[in-house]
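Working notes, structure below.
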Amino acid sequence: MDSPSSPQPGRPTFPDGYGVPETAQGQLTWDQVEPRLRDAQHYWLASVRPDGRPHSVPRWGVWLEGRFWYDGAPTTRHTRNVERNPAVTLTLESGTEVVIVEGESRATRADPDELGARLSEAFGKYADSGYSPGPDSWSGQDGGGLRVITPQRALAWFSFPTDCTRFTFGGD
């Protein structure tokens with residue numbers, strides 16, 4: 001699976017009075033943002049229920065090859081939601097060092113000798129918490145509940161409002 005294209009930075013649009021600069025000076029780079037996605041232990045995933053109400057759930061997962069990979073039972077509310085409407089928002093825990101990723105969640109599988117091995121290694125960050133899936137955990141018929149979020153947009157800031165940056169992926 002190819003990695004998504006390099007995200008393009010820009011300034012997000014905020015209402016007047018927020019103090020977000022109009023120039024590119026001070027914007028974050030993706031190299032400053034991506035390690036926070038990779039190193040995080042806890043993520044929040046927001047999806048949309050069939051009746052349009054939002055649903056948020058904490059998730060374990062890994063940022064690998066420009067995407068977010070997570071697993072879980074197909075019977076969970078968030079999985080049933082994204083099967084109907086794949087649009088999701090993924091956020092980190094901090095309200096001051098903010099990373100927000102918008103994208104789509106899709107079911108997938110992982111070849112144990114390739115992606116499965118890389119995922120298993122990345123999920124090693126949860127070994128102390130009792131979760132350490134093997135390389136073959138996502139290769140079965142149902143993919144072991146493996147899902148991948150492909151980013152379309154991201155918003156980040158670590159020093160609001162001076163470094164507010166919007167990233168777009170794939171020309172979106």
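The values are calculated or read from the model by the stated rules, or taken from the named source; none is laboratory data. Just so it is clear, the model here is predicted, and its values are computed rather than measured. Positions of Cβ are generated from backbone atoms using ideal geometry, with glycine treated the same way; all protein chains shown enter the neighbour counts.
PRO50 satisfies every condition listed in (1) surrounded by 12 or more Cβ atoms within 10 Å (Cβ to Cβ); (2) of a type outside the set (Ser, Thr, Tyr); (3) at pLDDT 95 or above; (4) in a loop (DSSP other than H, G, I, E, B) except (1).
Can THR150 be described as within 24 Å of THR79 (Cβ to Cβ) and at pLDDT 95 or above? Yes: the conditions hold for THR150.
Of the listed requirements (1) more than 14 Å from ARG147 (Cβ to Cβ); (2) of a type in the set (A, V, I, L, M, F, W, C); (3) without any contact (Cβ under 8 Å) to a residue 60 or more places away in the chain, VAL57 misses just one: (1).
Looking across GLN152, GLN141, one residue alone is under 16 Å from the mean Cα position of the chain (by Cα) and more than 16 Å from TRP60 (Cβ to Cβ). It is GLN152. With respect to the conditions (1) at pLDDT 95 or above; (2) of a type outside the set (Phe, Trp, Tyr); (3) surrounded by fewer than 15 Cβ atoms within 10 Å (Cβ to Cβ), ASP111 lacks only one, and its number is (1).
Residues checked against (1) surrounded by 15 or more Cβ atoms within 10 Å (Cβ to Cβ); (2) among the charged types (D, E, K, R):
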position: ALA46; (1), (2): yes, no
position: PRO58; (1), (2): no, no
position: VAL62; (1), (2): yes, no
position: ARG67; (1), (2): yes, yes
position: ALA73; (1), (2): no, no
position: GLY95; (1), (2): no, no
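In the condition set (1) under 17 Å from VAL33 (Cα atoms); (2) at pLDDT below 95, THR75 is compliant with all but (1).
Checked against (1) out of contact with any helix residue (DSSP H, G or I) (no Cβ under 9 Å at 6 or more places or on another chain); (2) not in a helix (DSSP H, G or I), VAL101 meets all criteria but (1).
Filtering the stretch 13-44 to residues that are surrounded by 15 or more Cβ atoms within 10 Å (Cβ to Cβ) and within 19 Å of the chain's Cα centre (by Cα) leaves LEU28, TRP30, VAL33, GLU34, ARG36, LEU37, ALA40, TYR43. In the stretch 121-172, of all residues being basic (Lys, Arg) and more than 19 Å from THR13 (Cβ to Cβ), the one that is surrounded by the most Cβ atoms within 10 Å (Cβ to Cβ) corresponds to ARG147.
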